[in-house]
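Report on one structure; see the data block that follows.
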Amino acid sequence: MNLDTSKSAQSINTEHASANKAATATHYRLSKEEQNKLTGHEEKRTAKAVELDVPDHIKRMIEQLEKLKEQLELAKERLTELKQHKDSQSDALQKQIEIQSEMVMALEQQVITLMQDIGDAMKEAGVSDPGILLSILA
């Protein structure tokens, strides 16, 4: 009885290589923007801004506000991930947390400022419907 050890060894090596690839594969997490694109939510939000009865410059401001809100959510998620890290005592990680916290605060300030600017622009354009303002802020 002849055993073909070369095929067996090759089969084992192939299985081992596949297992190593699976073990070293990095997990990819979709961003909120990517998730929204896949589910169609982004199209709905963009359509919502387009169907509002406001001037074009206000529509562009609304679209920018939506993008800022998405960036803010991503920054908050990143900050949460950093804070949950096991090496939370390391100086480098503390610096990253500090930088990410500053980024979150800056984005929050930009969102607030843009919302105020949208309100001012709507007043200047004579748009006084509170429903439009509520739909923008939602």
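Under 17 Å from the Cα of Lys37, which aspartates and glutamates turn up, not counting those fewer than eight places away in the same chain?
Within the straight-line limit of under 17 Å, Lys37 reaches these aspartates and glutamates: Glu63, Glu66, Glu70, Glu73.
Please give the length that would be gained between Gln110 and Lys37 if that part of the chain were fully extended, namely 0.36 nm times their separation in residues minus their C-alpha to C-alpha distance (nm, one decimal).
My answer for the length gained is 23.9 nm.
Just so you know, all these numbers are worked out from the coordinates, no wet-lab data involved. None of these values were measured; they are calculated from a predicted model.
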